[in-house]
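Some notes on the structure that comes next.
The values are calculated or read from the model by the stated rules, or taken from the named source; none is laboratory data. Not measured: the values here are computed from a predicted model. Note that each Cβ is placed from the backbone with ideal geometry, even for glycine, and that neighbours are counted across all protein chains shown.
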Amino acid sequence: MTGEFEAAPGRLDVVVAQRLGVPRADAQRAIAAGLVLVDGRPRPKSFRLAGGERIEADLATAAELEPEASPVPVRHEDPFLLVVSKPAGLPTHPTESRRTGTLVNRLLGMGVDLSGLGGPLRPGIVHRLDAGTSGLLVVAKDDETHEALARMFRRHEVDRRYLALVRGTVEHDRFEVDAPLGRRGGRIRVHTATGKAATTAFEVRERFERATLLEAAPRTGRTHQIRVHLSAVGHPILGDRAYGGGGDEAKALGLERPFLHSWRLSFTHPRTGERVKVDDPLPPDLAGPLERLRAGLGTA
């Protein structure tokens, strides 16, 4: 949908939505993508119109994302943000070639307000989880919160904890992997000379005969960081076929994907100053294999 009109007074996103008869979220995505101009210039969605400005809007170019009716569990919500539990197998956000079947589509189906800073394909998304990883992910409802959260992630002020079941007996109760990461083809590898700095702290939570349950605390946020770091030290995540964790042991436990779950997020709320701490229990597809180990089955 396109349109050119004289603005009424009010917020840019509200005025565009009302004049073109579209949902406010659609107007916000078009504004974030630079497809709405005020007197020939892009403006933020919260820009205050005095009235009389010339608005040019091209909502047809902003590929609209389809809301999907499968909600995801919400572990925390307030007027500024929410923390959701992403199921395994669900990509975090759409891409140019895949516009359905993602967490963002489900959030839209839930009627959640989403910030526009991530662009039309990543509304509300401040950070992401691999499609095969389950667990907690924070989503911003407005641009100010999104910007503040992004700063917090860059400064490593968000404490993220993961549970990972790895192959073998880990020697130390606590250890740290500091190994730069880079991409080679379609894979992430340790690149000592040219990779980007990446650090992960680990702590043993439970020991079995031939497997170890670890808590991982990434200090940086590189793609596949935990998976590659564990593979590099000889303890790949069970079920992670891409980085050496597949095979008979994973099959014996019934693992169909990497045993990696984002189980805790804690941070100081960027708008209220209150401490937010959210936990997420292991989903059944990981809790079941862990119980098999505890019962002396599988790899133990």
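Before moving on, here are some points about what is shown:
- Candidates Thr220, Thr268, Thr212 - the one that is under 20 Å from Pro180 (Cα atoms) and either assigned by TED's automatic domain parsing to the domain that holds Asp142 or touching a residue at least 40 places away in the same chain (Cβ under 8 Å) (or both): Thr220
- Every pair of residues 6+ apart whose Cβ atoms lie under 7 Å, when the first sits in region 65-77 and is farther than 15 Å from Leu90 by Cα and touching a residue at least 12 places away in the same chain (Cβ under 8 Å) while the second is among the hydroxyl-bearing types (Ser, Thr, Tyr) and surrounded by 13 or more Cβ atoms within 10 Å (Cβ to Cβ): Arg75/Ser85
- Scope region 161-192; condition closer than 12 Å to Leu214 by Cβ, of a type in the set (Val, Ile, Thr) and assigned to a strand (DSSP E or B); matching residues: Val166, Val177
- Within the set Leu103, Leu12, Leu81, Leu90, the sole residue that is out of contact with any helix residue (DSSP H, G or I) (no Cβ under 9 Å at 6 or more places or on another chain), closer than 30 Å to Thr272 by Cβ, modelled with pLDDT of 95 or more and not assigned by TED's automatic domain parsing to the domain that holds Leu260 turns out to be Leu103.
- Any chance Glu147 is surrounded by 17 or more Cβ atoms within 10 Å (Cβ to Cβ), of a type outside the set (Lys, Arg) and either farther than 27 Å from Ile226 by Cα or free of Cβ contacts under 8 Å to residues at least 40 places away in the same chain (or both): no
- Among (1) at negative phi; (2) outside any strand (DSSP E or B); (3) modelled with pLDDT under 95 - the single one His146 does not satisfy: (3)
- Qualifying residue in region 202-211 (condition: within 14 Å of Arg167 (Cα to Cα) and β-branched (Val, Ile, Thr)): yes
- Considering region 229-246, and only residues there that are assigned to a helix (DSSP H, G or I) and touching a helix residue (DSSP H, G or I) at 6+ places or on another chain (Cβ under 6 Å), the residue that is nearest to Pro180 (Cα to Cα) turns out to be Ser231.
- The strands (runs of 3 or more DSSP E) falling completely within region 42-140 that include 1 or more residues that are surrounded by fewer than 16 Cβ atoms within 10 Å (Cβ to Cβ) map to 54-58, 74-77.
- In the condition set (1) hydroxyl-bearing (Ser, Thr, Tyr); (2) farther than 14 Å from Val166 by Cα; (3) under 26 Å from the mean Cα position of the chain (by Cα), Thr192 is compliant with all but (3).
- Odd one out for Ala216, checked against (1) at pLDDT 95 or above; (2) of a type in the set (Gly, Ala, Ser); (3) more than 19 Å from His261 (Cβ to Cβ): (3)
- The single condition from (1) part of a helix (DSSP H, G or I); (2) over 29 Å from the mean Cα position of the chain (by Cα); (3) not polar (S, T, N, Q) that Phe5 fails is (1).
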